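Written out below as structure tokens is the structure these notes cover.
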Amino acid sequence: MLRDPYNFDFLTLTDRHNERELEDGLMDQLTKFLLELGAGFAFVGRQYKIDVDGDEYSIDLLFYHLKLHCYVVIELKVDKFKPEYAGKLNFYISAVDSQVRTEADGPTLGILICKSKSDIKVEYSLRDLTKPIGVSEYQITETLPDNLRSSLPTIEQIEAEFGDVDD
């Protein structure tokens, strides 16, 4: 069920995008995102609100897997994996299991999608957790395909066309 890495080439983001921009892009391209996730995912909500002991938390993305009959919590991170991300995802999974899941549903799954990861740090972070959590990277192609490169102007051509904009 878990891909590694996820290919988000359908997004148009800058190198310095933040989590909100990543989430917005995925929601704008929800059909393509669902195809990248794989068969069986149904969208439940974004910034899904959950109240725990009087404090409100927002789950980045909540899905339901139709074949596995379980909720899937997806947490997005635009930087490299940090061990504390596993704890946060584990917290969200527990909250969904307690407040959203019914007896007919299987245990909630968690997917952490981050820009990059160290397999050893992921292993150490997840080793003694009992909840099903996967960590995957995402990638966005940063270079133009050769067939498009020749049809776009160079920076020099753009500067020549517009001249010095400081005037």
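Rule-based calculations on the coordinates, nothing more; no lab input. What you see is a predicted model, and the numbers here were worked out from it, not measured in a lab. Glycine gets a Cβ as well: all are built from the backbone with ideal geometry, and neighbour counts include every protein chain shown.
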- Query: From largest to smallest, what semi-axes in whole angstrom does the range 1-149 give when each is the square root of 5 times an eigenvalue of its alpha carbon gyration tensor?
  - Reply: 26, 18, 15
- Within straight-line cross-link reach of K121, lysines at Cα separation under 22 Å, skipping those fewer than 8 residues along the same chain: K77, K80, K82, K88, K131
- Note on the structure: Charge tally for neighbours of D97 with beta carbon under 12 Å away, counting Lys, Arg as +1 and Asp, Glu as -1, is 0
- Under a Cβ-Cβ cut-off of 11 Å, what is the net charge of the residues other than I74 that fall near it, where Lys and Arg count +1 and Asp and Glu count -1? -1
- Message: Averaging the inverse of every distinct alpha carbon separation and then flipping it gives the Kirkwood radius. What is it for the range 1-62, in angstrom units?
- Response: 13.1
